[in-house]
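Chemist: Got a structure for you, written out below as structure tokens; questions coming shortly.
The values are calculated or read from the model by the stated rules, or taken from the named source; none is laboratory data. In this text, all values refer to a predicted model and were calculated from it rather than measured experimentally. Here the Cβ positions follow ideal geometry from the backbone for every residue, glycine too, while neighbour counts run over all protein chains shown. All accessible areas refer to the heavy atoms of the entire protein, side chains included, with ligands and DNA or RNA removed. Shrake-Rupley method; radii C 1.70, N 1.55, O 1.52, S 1.80 Å.
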Amino acid sequence: MTERDGYKLLGDIEAHLDDAAALHGAIFDKPWSRDALRDLLSMSGTAGAVILSNAREPTFAGFVLFQCIGDFAEILTLAVAPDHRGRGLGRTLVQRVLARARETGAEKVMLEVQDGNLPAVQLYESLGMKAFDRRHNYYKSSDGRHADAILMQVFFDN
Ligand SMILES: CC(C)(COP(=O)(O)OP(=O)(O)OC[C@H]1O[C@@H](n2cnc3c(N)ncnc32)[C@H](O)[C@@H]1OP(=O)(O)O)[C@@H](O)C(=O)NCCC(=O)NCCS
């Protein structure tokens, strides 16, 4: 991603925690507050990346939070703002995680995704991730419905 694409990728999420919490709250059923995000970032190996539009008044377009620990890395959350979807930002954020994970010596990257979240599952599959397990009724939405979590992973051939 270059500035000519109209976006810029930043490796430091600390200055954007309010925007990240607002986007997370607007998308997910169980919002993570600014403090919750900051607590996650204080954990060993946890980091994030954000994408801002490259306009005169930059807007917050998306973010990812991940943890590289030992021989694996995990994507903790990923979100692209609805107005900015379909432009490769989600892929850029996941590729960033894969690159960082490789740099830290991880052998694989894992994540959980809600069953039926087609955009996310297809994004992950397009980057080589495969489903390997399922957690039944892992998610419960505010209206009381349950959904399975699909566990996905990709191994690096180091
Ligand atoms: C999933 C999400 C991050 C994708 O972000 P995005 O910036 O729109 O994705 P990209 O433009 O980078 O798309 C990359 C690939 O993802 C898949 N994809 C993205 N949107 C899709 C859609 N609506 N339907 C099917 N596949 C889709 C495609 O494989 C796409 O590749 P292609 O453009 O070559 O077809 C975004 O939809 C989002 O924030 N969703 C809500 C939060 C969420 O579900 N997070 C993941 C939790 S595990």
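Chemist: Output yes when any residue across region 34-55 is within 14 Å of the ligand (Cβ to nearest atom) and open to solvent by 60 Å² or more (accessible area, probe 1.4 Å), and no when none is.
Modeler: no
Chemist: Let me ask something else. Could you tell me whether Gln67 is in contact with an Asp or Glu (Cβ under 6 Å, 6 or more places away or on another chain) and surrounded by 13 or more Cβ atoms within 10 Å (Cβ to Cβ)?
Modeler: Working: in contact with an Asp or Glu (Cβ under 6 Å, 6 or more places away or on another chain): yes; surrounded by 13 or more Cβ atoms within 10 Å (Cβ to Cβ): yes.
For Gln67, the condition - in contact with an Asp or Glu (Cβ under 6 Å, 6 or more places away or on another chain) and surrounded by 13 or more Cβ atoms within 10 Å (Cβ to Cβ) - is met.
Chemist: Among the residues of region 60-83, are any in a strand (DSSP E or B), within 16 Å of the ligand (Cβ to nearest atom) and more than 19 Å from Asp12 (Cβ to Cβ)?
Modeler: Taking every residue of region 60-83 in turn, at least one turns out to be in a strand (DSSP E or B), within 16 Å of the ligand (Cβ to nearest atom) and more than 19 Å from Asp12 (Cβ to Cβ).
Chemist: Separate question: Say we look at region 84-110 and pick out the residues that are open to solvent by 40 Å² or more (accessible area, probe 1.4 Å) and outside any loop (DSSP other than H, G, I, E, B); which of these is nearest to the ligand (Cβ to nearest atom)?
Modeler: Top of the filtered list is Arg91.
Chemist: Mind counting the residues in region 111-141 that are away from the ligand (no atom under 11 Å from the Cβ), touching an Asp or Glu at 6+ places or on another chain (Cβ under 9 Å) and not in a loop (DSSP other than H, G, I, E, B)?
Modeler: Residues flagged as away from the ligand (no atom under 11 Å from the Cβ), touching an Asp or Glu at 6+ places or on another chain (Cβ under 9 Å) and not in a loop (DSSP other than H, G, I, E, B) within region 111-141 amount to 7.
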